[in-house]
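Novice: Structure in structure tokens, see below.
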Amino acid sequence: MKRILVPLTTPRARRGLIVGRDRLASAVAAARASGPGPRLRPSFLIAGAQKAGTTYLYQELARHPQVRPALTKEIHYFSDGYRRGGDWYSGFFPRVKAGAAGDAMVTGEATPGYLFHPWFSERLARDLPDARVIVLLRDPVRRAFSHYLHERRLGYEPVDTFEAALDLEDERTEADHQRSFIDGAFVSSALQHHSYRRRGQYLEQLQRLHEHVPPDRVLVLVSEEMYADPSSSYRTVCAFLGLREWMPPMFGANDMAASHLPIDRDCQHRLDEFFGPRKQELAAYLGRPLPW
């Protein structure tokens, strides 16, 4: 039989690389968890939102001399992987080791689906009561479109127009959304891949987070402001985490820039109407104007 080579540019190949990476990280973590010596407990989590610059912030934060990164950025423990247990989770983090000049070392992770997950806040408060949470919020209209483009690239979204995907969202996700609040072990592919508007309803997600995590341990940043002035945001994050003042020689590229494709005018209008009142409520809740 002739062997068929699939180019790495295909959605199937991209999905395969992600699944393979996650399986390898999981196996390594499980092996490390049974090894000798204590491991650092995560003292911070970047909890979302998805497609709001979490990768950028985590990579820049991991460059700080006091930060030791996890085995992989996204662990999904407090959402889809909670059944694996705390020992498995601990295997993703480095062993306890003093930093240069006696600096206290910290570690953490960044799983952008946490903020959206209905069980995340309760689980975090129970398992890591001292951890601090960083939340990035992006214009929910742009976030939804970026999410759609992401799912198209990976082949999880078969619908070839954003408008059609929005039309199908409630039908695809409503039942799973309701079940996710009842069944903590439930994992929904529909919510993961097709919750374009739902994930942008930030107010209810922040309120749920604040029910379990005190507001002084939650830092909310606006993605567009972070990219416009990364130095200021970096100083804010370092102060929030109790890290000594330090600045990277140069910041990385804006990883949201690639999704600045134009949105169909009808979709733009439709989402502006949907999110308009919600943006106002969010600004009032945060006590600050938002750039959207």
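The values are calculated or read from the model by the stated rules, or taken from the named source; none is laboratory data. Computed from a predicted model, the values in this text were never measured in an experiment. Methodologically, a virtual Cβ is constructed for each residue, glycine included, from the backbone with ideal geometry; neighbour enumeration extends over all protein chains shown. Remember, those area values only see protein heavy atoms, side chains included, never the ligands or the DNA or RNA. Shrake-Rupley method; radii C 1.70, N 1.55, O 1.52, S 1.80 Å.
Novice: Taking 0.36 nm per intervening residue step and subtracting the Cα-Cα distance, what contour gain separates residue 185 from residue 255 on full extension? Present the calculation step by step, with values, prior to reporting the outcome.
Specialist: Working: separation 70, 0.36 × 70 = 25.20 nm, distance 3.19 nm.
The span from residue 185 to residue 255 would gain 22.0 nm if fully extended.
Novice: Then there's this: What FRET efficiency, computed as 1/(1 + (r/R0)^6) with R0 = 35 Å and r the Cβ-Cβ distance, is obtained for residue 160 and residue 13, rounded to the nearest 0.05? Intermediate values should be presented prior to the final figure.
Specialist: Values: r = 20 Å, r/R0 = 0.57.
So, using R0 = 35 Å, E works out to roughly 0.95.
Novice: Mind grabbing the accessible area of residue 124 for me, 1.4 Å probe, Å², rounded to tens?
Specialist: We get 0 Å² for residue 124.
Novice: Next up: With +1 on the Cβ of every Lys and Arg and -1 on the Cβ of every Asp and Glu, and nothing else charged, how large is the dipole of the chain about its Cα centre, in debye rounded to the nearest 20?
Specialist: It comes to approximately 1320 debye.
Novice: Computing the accessible area with a 1.4 Å probe over protein heavy atoms, can you report the carbon and sulfur percentage for the stretch 50-172?
Specialist: Looking at the stretch 50-172 in its full context, I get 48 percent from C and S.
Novice: Something else: When a/c is below 1.5 the answer is rounded, else prolate if a/b is larger than b/c, else oblate, so apply that to the stretch 201-248 with a ≥ b ≥ c taken from the square roots of the Cα gyration tensor eigenvalues. Please list the in-between numbers first.
Specialist: Details: a/c = 5.10, a/b = 1.54, b/c = 3.30.
Oblate, because a/c is 1.5 or more while a/b does not exceed b/c.
Novice: Counting only other residues whose beta carbon sits under 10 Å from that of residue 82, what net charge do I get with K and R as +1, D and E as -1?
Specialist: Numbers: positive: 83, 84, 123; negative: 80, 127.
Local net charge: +1.
Novice: A follow-up question, please. Taking the Cβ of residue 52 as the center, what net charge do the other residues with Cβ under 12 Å away carry, scoring Lys and Arg +1 and Asp and Glu -1?
Specialist: Working: positive: 51, 138, 142, 143, 199; negative: 139, 224, 225, 255.
Surrounding charge for residue 52 is +1.
Novice: Continuing with this model, one more query. Peptides 231-238, 81-88: what's the order by average Cβ count within 10 Å, highest mean first?
Specialist: Numbers: 231-238: 16.8, 81-88: 14.8.
Output ranking for 231-238, 81-88: 231-238, 81-88.
Novice: Which of the three applies to the stretch 109-208, rounded, prolate or oblate, going by the alpha-carbon gyration tensor with a ≥ b ≥ c and a/c under 1.5 meaning rounded?
Specialist: On the way: a/c = 2.14, a/b = 1.60, b/c = 1.34.
Cα axes put the stretch 109-208 in the prolate bin.
Novice: Something else: Report the semi-axes of the equivalent ellipsoid for the stretch 20-164 in whole Å, largest first, where each axis is √(5λ) for an eigenvalue λ of the Cα gyration tensor. Each step should come with its number before you reach the end.
Specialist: Details: eigenvalues 172, 60, 43 Å².
Semi-axes from the Cα gyration tensor: 29, 17, 15 Å.
Novice: Counting only heavy atoms of protein chains, what accessible area per residue, in Å², does the chain have with a probe of 1.4 Å? Could you put the intermediate results ahead of the total?
Specialist: On the way: 14700 Å² over 292 residues.
Normalised by residue count, the accessible surface of the chain is 50 Å².
Novice: Where does each of 217, 138 land when they are ordered by accessible area, with a 1.4 Å probe and the largest first?
Specialist: Ranked list, largest accessible area first: 217, 138.
Novice: Quick check: net charge around residue 139, other residues with Cβ under 9 Å of its Cβ, Lys/Arg +1 and Asp/Glu -1? Don't jump to the answer; show the numbers that get you there.
Specialist: Values: positive: 138, 142, 143, 279; negative: 224.
Surrounding charge for residue 139 is +3.
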